[in-house]
Amino acid sequence: MTEKIPNYVVAIFFALVLILFWAVTRIELLPDGSWQIVSPHVISGDEPHHLLVTNSLLFDHDFQLQNDYERAKSGLESGGVILPDHHTILVNRRDGRHGVWFDDHWDPDFQPGPDVYEVSSHPWAYPALLAAMVFPFRPRMDHVERDASGGVVVICWLGAIFTFLLARRVGMDRGDALFATALLACASPWLGYTRSFFAEPAIGLSAAISLWALEAERPYLTGAAAAAAAIFKPPLAVIGGGFGIDLAQRRRWHQLMQMLVVLIVAGLALVSINYYLARTPIISGNGTGPWPIGDDTAQNFGELADTFLGGAHGLFVWVPWSIFAVFPIGWAFCKADAAPRFLREMSIPMALQLLILSASNFGPAVCFGPRYWVPFLPWMAVAAVYTFRSSGWFWKGTFAVFAVVSLGFAIFGALRYPQMYAASPWYLWHALPPAPQ
């Protein structure tokens, strides 16, 4: 019986997962088929901007970036990546006005000078977390990427651990819980995100802890972890909001109020810090207009299709086994009484996330794989294994095929991470080295 899997086997499994995560950040498969030992480094997109904030906190001890972007013209503080554009909010000290650099850096009131400063237009919490994790090691600036990468590996590893704990909490035996964890760790973009400087793994860890706490009926911890997800990225307030809707529907008023107390306190603190830093209550990227959509509102259903089937960022393209999670979770959203409670708890936040992604015409952009769904991969792994265990042989066989395909995409995608930005997983087959003659 899988329930008799001893503790030492579980410990060995997670030790091997940690070694795998660390090794992936140090090994790269080059286009010519050779292997290379590498030092972790930022690639593109928002990654170098997160690194810039981390370096500012470590060496300037502040969130103001005008001097950092000036130094980054040589790549000094941004991991060797030249940053011609600033991902910042401009603030005029005299009148308190603020604007996004992309739209307002030409404005005379926002020209460089003693009355104008810049702070990141991305949420500050993730770079602050990385800075806090590496600060005790007193790294030199050229070692920050390496040390911060170690922090990301730990975050991803903890995400795997809480996936296991979540699976156990919802009633799975140790074998199935290890199966769900292996899906996440080895057969999904979670593996590639061990090399990433995006915030998604930290959000995914928060999501896993929050759902585990909700299942364990620990509303204060549920609220704290859900609040952390929103602090890392404001649209991920859908987690706390979705859990709140679920508790209200089940008339769990006492738990709802306990969770809301934490969410409200955290929300007020976040708004206060944001306003102190940037004279705006919400910091959430470079978009214009009213948050969270504004001028980026979708004009058609193209983003809805792309989020699942788009070549570069489609969830079902990169993680075919996720079909066995998304559809049961969708069914739980429509038929709450016909599904286990944990699927219903997953369904409302994920439905709200889908609504946000479908309403915006600004997708994941320059990044690796289905970035906007990475935070929910721990949930999906648990849901997929539940579906697998309750399916017939045909669907189990189909799941096995999808899992093997996902495994190939995950492993080779992680090893080719720098070349896979904004690329379809099918690009891997064109990029593999030719067979020897």
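So if I place +1 on the C-beta of Lys and Arg and -1 on the C-beta of Asp and Glu, and nothing else carries charge, what would the dipole magnitude of the chain be about its Cα centre? I want it in debye, nearest 20.
It works out to roughly 1620 debye.
Could you run the Karplus curve 6.51 cos²θ - 1.76 cosθ + 1.60 with θ = phi - 60° over segment 383-390 and give me ³J(HN,Hα) per residue in whole Hz, x for Gly and Pro?
Listing the rounded values in order: 5, 5, 5, 4, 5, 4, 5, 9 Hz.
Choose one of Val326, Ile37, Gly397: the residue whose Cα lies farthest towards the positive end of the charge dipole of the chain (beta-carbon charges +1 Lys, Arg; -1 Asp, Glu; about the Cα centre).
Of the listed residues, the answer is Gly397.
What ranking, highest mean first, results for peptides 101-109, 338-346, 130-138 when packing means the other Cβ atoms within 10 Å averaged over each residue? Please list the in-between numbers first.
Numbers: 101-109: 13.4, 338-346: 19.8, 130-138: 15.8.
In decreasing order of mean packing, 101-109, 338-346, 130-138 become 338-346, 130-138, 101-109.
Which far-off residues, 5 or more places away or on another chain, put their amide H under 5 Å from the one on Val100, with H placed in the peptide plane?
Leu90
Charges only on Cβ, +1 for Lys and Arg, -1 for Asp and Glu: so what's the dipole of segment 47-121 about the Cα centre, in debye to the nearest 20? List each step's numbers first, then the result.
Numbers: 5 positive and 14 negative charges, 24 e Å.
About 120 debye.
Sorted from fewest to most neighbouring beta carbons within 10 Å, what does the list Thr297, Thr88, Thr387 look like?
Values: Thr297 13, Thr88 27, Thr387 22.
Going from sparsest to densest Cβ surroundings: Thr297, Thr387, Thr88.
If the cut-off is 17 Å between C-alpha atoms, which aspartates and glutamates fall inside it for Lys4, apart from same-chain ones fewer than 8 positions away?
Asp173, Asp176
For Lys233, go through the lysines and keep the ones whose alpha-carbon is under 23 Å away, minus same-chain ones fewer than eight residues off.
Partners found: none.
Under the Karplus relation 6.51 cos²θ - 1.76 cosθ + 1.60, θ = phi - 60°, what is the ordered set of whole-Hz ³J(HN,Hα) values for segment 163-174, x standing for Gly and Pro?
For segment 163-174, the Karplus-derived couplings read 5, 4, 5, 5, 4, 5, 4, 8, x, 7, 6, 5 Hz, x marking Gly and Pro.
Quick check of the Kirkwood formula: for segment 47-121, what is the inverse mean of 1/r over all pairs of different Cα atoms, in Å?
Numbers: mean 1/r = 0.0810 Å⁻¹.
Answer for segment 47-121: a Kirkwood hydrodynamic radius of 12.3 Å.
Please sort 358-370, 303-315, 147-159 by packing, taking for each peptide the average over its residues of neighbouring beta carbons within 10 angstrom, highest first. Before the final figure, lay out each step's value.
Working: 358-370: 20.2, 303-315: 18.7, 147-159: 22.2.
Ranking the peptides 358-370, 303-315, 147-159 by packing returns 147-159, 358-370, 303-315.
Of the listed values (1) 229; (2) 163; (3) 144, grab the one calculated as volume of the Cα convex hull per residue in Å³ from the structure here.
Comparing each candidate, only (2) matches the computed number.
May I ask for the angle, rounded to the nearest 10°, between helix 393-415 and the longest principal axis of the chain, with both axes built from Cα atoms and the value confined to 0 to 90°?
Here the helix axis deviates by roughly 30 degrees.
Amide H of Thr297 versus every other amide H placed in the peptide plane: which residues, excluding those fewer than 5 positions away on the same chain, fall under 5 Å?
Amide H neighbours of Thr297: Asn361.
To the nearest Å, what is the center-to-center distance of segment 339-414 and segment 168-241, using C-alpha atoms only?
13
Taking H placed 1.01 Å from N in the peptide plane, check which residues at least 5 places from Ser120 or on another chain put their amide H under 5 Å from its amide H.
Ile89
Would you be so kind as to identify which of Gln111, Ala199, Ser121 lies farthest towards the positive end of the dipole of the chain, taking Lys and Arg as +1 and Asp and Glu as -1 on Cβ and the Cα centre as origin?
Farthest along the dipole direction, towards plus: Ala199.
State the answer as a single residue: which of Leu357, Ala216, Leu407 lies farthest towards the positive end of the charge dipole of the chain, with beta carbon charges of +1 for Lys and Arg and -1 for Asp and Glu, about the Cα centre.
Most positive-ward Cα: Ala216.
Computed from the coordinates by the stated procedures, all read-outs in this text should not be read as laboratory data. Quick caveat: nothing in here was measured; it's all calculated off a predicted structure. In this analysis, Cβ positions are derived from the backbone assuming ideal geometry, glycine residues included, and neighbour counts consider all displayed protein chains.
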